[in-house]
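**Q** This is the structure I want to talk about, given as structure tokens.
Each reported figure results from applying straightforward, stated rules to the coordinates on display, with no laboratory input. Computed from a prediction, not measured in an experiment: that's the story for all the values here. Cβ sites come from the backbone with ideal geometry, for glycine too, and all protein chains shown count toward neighbours.
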Amino acid sequence: MLIVQLRGKLLDQFTKTFVKIKGQRCANTLPTVTSLIGHMSILDECPGEGYKLCRKKLHWYKIEIKQCRECGRIAAKSRYHNNPELKQKIIAAAIEYEKKNKEKINARKRERYKTDLEYKEKERARRNKKFKERWATNEEWRKKKIQKTKDWFEKNKDAQIAYANKKKAKRLKAVALWADKKAIRELYRIAAIKTKETGVKHHVDHVYPLKSQFLCGLHVETNLQVITAEENLRKRNLYWPGQLDCQKGSVYDIFPKELTKLLND
């Protein structure tokens, strides 16, 4: 008797909170009374008129949509994984679409890569994983890749020098995030052109050295200059603009070696 009364009260409360759509009560879109215990709060979450309650997942969706989108996605995933023939058709259609709209898809991916940091990290991780797997398993491809890289560096020696110097600067933690990579690469290209035109070896020099006993410069375009190799080797990391007289020569000429070591520690 008590259970019957409880059911009657629940049903009465439930029918009072029905959402009216086109003047009719949507009893057929709502779950049974027995499934309402513990879920009565779902009625308060209704966004307003023109919404249906999904019987499967107990969430609301617009009445003009034939099927709840979330449930539709779940059903589509189930069909995709359980029907091999359908899966092959979908894959073939996706490949065909990608071939026809390659530029459009790549442009969209590039834009997302620039703006979406989470996507950028995931894409980097995916590419690195794929590259490592292929490198480890495909010997023929690995040899071709090595040869291709060698050929490219042979044709672009300025890029090779730029890469080596950047690596060195990274090791010394001298690469700034705001550095203009294109401008830096251009300076190495100019040095290569001058070497070829004049027959005199030219280097890209750091105006303020990356490492010295008195200061440490940065690997940025404003701290780089193209000079001859002879000038660069003579200059080393001992001279820079605005240098004080006490900074010329070695720091050990000014302070005892023991004291300098103590300060560095």
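**Q** Could you give me the ³J(HN,Hα) list for the range 76-87, computed from phi with Karplus coefficients 6.51, -1.76, 1.60 and θ = phi - 60°, whole Hz, x at Gly and Pro?
**A** For the range 76-87, the Karplus curve yields 5, 4, 5, 5, 4, 7, 9, 10, x, 5, 4, 4 Hz.
**Q** Here is a further query. Long-range amide H contacts for T228: which residues qualify at under 5 Å (H placed 1.01 Å from N, peptide plane, sequence gap of 5 or more or a different chain)?
**A** Residues meeting the amide H criterion: H203.
**Q** Right, something else. Select from A169, N156, A136 the residue farthest towards the positive end of the dipole of the range 132-173; place +1 on Cβ of Lys and Arg, -1 on Cβ of Asp and Glu, and compute about the Cα centre.
**A** A169
**Q** If amide H atoms are built 1.01 Å from N in the plane of the peptide, which residues on other chains or at least 5 residues away come under 5 Å of the amide H of L210?
**A** Amide H neighbours of L210: G217.
**Q** Given H placed 1.01 Å from N in the peptide plane, which residues other than close sequence neighbours of Y51 have an amide H under 5 Å from its amide H?
**A** Placed amide hydrogens put I63 under 5 Å from Y51.
**Q** Give me the net charge of N237's neighbourhood, meaning all other residues with Cβ under 12 Å from the Cβ of N237; Lys, Arg count +1, Asp, Glu -1.
**A** Summing Lys/Arg as +1 and Asp/Glu as -1 gives +3.
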